[in-house]
Amino acid sequence: QQPVQSPQAVILREGEDAVINCSSSKALYSVHWYRQKHGEAPVFLMILLKGGEQKGHEKISASFNEKKQQSSLYLTASQLSYSGTYFCGTEGGSQGNLIFGKGTKLSVKP
Amino acid sequence: IAGITQAPTSQILAAGRRMTLRCTQDMRHNAMYWYRQDLGLGLRLIHYSNTAGTTGKGEVPDGYSVSRANTDDFPLTLASAVPSQTSVYFCASSEQEGQPQHFGDGTRLSIL
């Protein structure tokens, strides 16, 4: 089952914060987050394993609530370089394959 | 520079033709993947391979085949291309299944 991301798109001013959510209807083992800039390949940001841990990457962090089967990506004090489409990929089984959400397009304006 | 190389970068193909997209990685990763990306649909897994000599079907495998004769190469073949296979195709690899995936630059394929 494809995870559902929200919002579909968000526009920010530099320095503002944003939250991107990823929800699944199935039990999750892990959640991956990737960012893709226009015309480029997706780039790995972070993995969260079940256990509710929160991870950070510069001013980007994420949490994973396995009971609610959802993960949230937090972008703090956004920079122009944060613009792109963010994808969550969920892993539910033993094969380790990811099912990606449809993405959230983030635009940061000066 | 270590990474994943995809070829060709782009291709226009007549419907009914056979086409092989190439993917090579030099990171000695065990797992490799093929995705297609269509506007508004995100990345969808076509086929995967957790180790050389093994392959598996993803979400949208119909019309595609793969092989994994060695660790480095993972070609994707369209036996008889159809217009609905027009898409951007990404190859990815990871050390093991479930680990961070590294993506190639993609192949933009148009089937006419």
Looking only at the range B:33-45, decide whether some residue is more than 11 Å from chain A (Cβ to nearest Cβ) and in a loop (DSSP other than H, G, I, E, B). no
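For the range A:6-36, which positions are basic (Lys, Arg) and within 18 Å of residue A:61 (Cβ to Cβ)?
Hit for the range A:6-36 is A:35, nothing else.
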Complete set of residues in the range A:13-32 that are in contact with a strand residue (DSSP E or B) (Cβ under 7 Å, 6 or more places away or on another chain) and either closer than 17 Å to residue A:109 by Cβ or facing chain B (nearest Cβ under 10 Å) (or both): A:13, A:14, A:17, A:18, A:29, A:30, A:32
For residue B:55, indicate whether it is open to solvent by 60 Å² or more (accessible area, probe 1.4 Å) and either in contact with a Gly (Cβ under 8 Å, 6 or more places away or on another chain) or more than 28 Å from residue A:38 (Cα to Cα) (or both). yes
Please verify whether residue A:62 is in contact with a Lys or Arg (Cβ under 9 Å, 6 or more places away or on another chain), farther than 24 Å from residue B:105 by Cα and not in a strand (DSSP E or B), treating the condition exactly as stated. no
Taking the criterion of being open to solvent by less than 10 Å² (accessible area, probe 1.4 Å), under 18 Å from residue B:13 (Cα atoms), away from every other protein chain (no Cβ under 14 Å) and not in a strand (DSSP E or B), would at least one residue in the range B:91-110 satisfy it? no
Kindly provide the set of residues from the range B:8-51 that are loosely packed, with under 14 Cβ neighbours inside 10 Å, small (Gly, Ala, Ser) and in contact with a strand residue (DSSP E or B) (Cβ under 6 Å, 6 or more places away or on another chain), ordered by number. B:10, B:15
Could you please tell me which pairs satisfy a Cβ distance under 6 Å, a separation of 6+ or placement on different chains, a first residue in the range B:65-79 that is more than 14 Å from residue B:6 (Cβ to Cβ), and a second residue that is hydrophobic (A, V, I, L, M, F, W, C)? B:68/B:52; B:68/B:74; B:70/B:52; B:71/B:52; B:78/B:19
Looking at the range A:1-41, which of its residues are among the small types (Gly, Ala, Ser), assigned to a strand (DSSP E or B) and surrounded by 12 or more Cβ atoms within 10 Å (Cβ to Cβ)? A:6, A:18, A:23, A:30
Sole exception among (1) open to solvent by less than 40 Å² (accessible area, probe 1.4 Å); (2) within 12 Å of chain A (Cβ to nearest Cβ); (3) in contact with a Lys or Arg (Cβ under 8 Å, 6 or more places away or on another chain); (4) part of a strand (DSSP E or B) for residue B:77, by number: (2)
For the range B:67-102 the number of residues that are under 28 Å from residue A:45 (Cβ atoms) and not hydrophobic (A, V, I, L, M, F, W, C) is 16
Here are some conditions: (1) within 11 Å of chain B (Cβ to nearest Cβ); (2) within 24 Å of residue B:105 (Cβ to Cβ); (3) modelled with pLDDT under 95. Residue A:95 meets all but one. Which one does it not meet? (2)
Selection over the range B:80-90 where residues are open to solvent by less than 40 Å² (accessible area, probe 1.4 Å) and farther than 17 Å from residue B:44 by Cβ yields a count of 1
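The values are calculated or read from the model by the stated rules, or taken from the named source; none is laboratory data. Nothing here was measured: the structure is a model prediction, and the numbers come from that model. As a convention, Cβ positions derive from the backbone with ideal geometry for all residues, glycine included, and neighbour counts pool all protein chains shown. We work out accessible area using only protein heavy atoms, side chains counted, and drop any ligands, DNA or RNA first. Shrake-Rupley method; radii C 1.70, N 1.55, O 1.52, S 1.80 Å.
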